[in-house]
Amino acid sequence: MSRFEPVIIGFLCNWCSYTGADLAGVARLQYPPNLRPIRVMCSGMVSPDLVMEAFLKGADGVMVMGCHPGECHYLEGNTKAAARARVITLVLDDIGINPDRFRLNWISSAEASVFAELVTEFTIRIQKLGPQQTRPQNSDTEPKHEMQNPKSGEKQRDLKNNVT
């Protein structure tokens, strides 16, 4: 029997966590390949809808990573991200998704080893939880529109089954 390999979506702020991830790659630090990074300008731009959509599309876990508090390039984006994370955790619990499948972390651009450790730790956590089984039933959590690739116009695909 093969080992469960989770799909983890990571929303990484451009200025700190994405740069830390890049440095981890340059430094050839080892961490699981399960993270699918999505660069956002600021962790404060990650709305609860984006996190819910990641789960609806088949993610087993979602990480949001941003600048350390007080170091946000947009002044208070990480404060907004922290407030949203509390809401996301409550909503996940309400709709039957284990809140442990979501995580918010602060990473500076120089913390490549911290990035690798957090991704490794979260991947192990999600592997222990197993595949995401619960799909939100509430129509309020359904995406308001189908996402399309702006360059090709192609509809986004299901993350696990590669189905439109």
With the Cα gyration tensor of the stretch 8-141 giving a ≥ b ≥ c as the square roots of its eigenvalues, does the rule (a/c under 1.5 for rounded; else a/b larger than b/c for prolate; else oblate) give rounded, prolate or oblate?
oblate
Relative contact order, percent, of the stretch 1-42 when contacts are C-alpha pairs under 8 Å separated by at least 6 residues?
63 percent
Excluding residue 126 itself, what net charge comes from residues whose Cβ is under 11 Å from its Cβ, given Lys and Arg +1 and Asp and Glu -1?
0
Output the peptides 12-18, 55-61 sorted from most to least packed, where packing is the average of other Cβ atoms within 10 Å over each peptide's residues.
12-18, 55-61
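Could you work out the local net charge near residue 61, counting Lys and Arg as +1, Asp and Glu as -1, over the other residues with Cβ closer than 9 Å to its Cβ?
Values: positive: 101, 103, 125; negative: 60, 100.
Value of the local net charge: +1.
How much FRET efficiency would the formula 1/(1 + (r/R0)^6) give for residue 68 and residue 125, where r is the Cβ-Cβ distance and R0 is 25 Å, rounded to 0.05?
Calculated transfer efficiency: 0.70.
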Taking the stretch 86-126 as the region of interest, what is the percent of Cα-Cα pairs per 10 angstrom bin, listed from the shortest bin to the one with the maximum distance?
26, 41, 27, 5
What distance in nm separates the simple spin-label points at residue 75 and residue 98, each placed 7 Å from Cα in the Cβ direction?
4.1 nm
Lys/Arg +1, Asp/Glu -1 at C-beta; the stretch 8-141 dipole; positive extreme among 75, 95, 56:
56
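Pulled fully out, how much extra length does the chain show between residue 117 and residue 4, if you take 0.36 nm times their separation in residues and subtract their Cα-Cα distance?
Working: separation 113, 0.36 × 113 = 40.68 nm, distance 1.95 nm.
Using 0.36 nm per residue and subtracting the Cα-Cα distance, I get 38.7 nm.
No value in this document is a laboratory result; all are computed from the given coordinates. Fair warning: this is a prediction, and the values are worked out from it, not measured in the lab. Neighbour counts run over all protein chains shown; Cβ positions are idealised from the backbone, glycine included.
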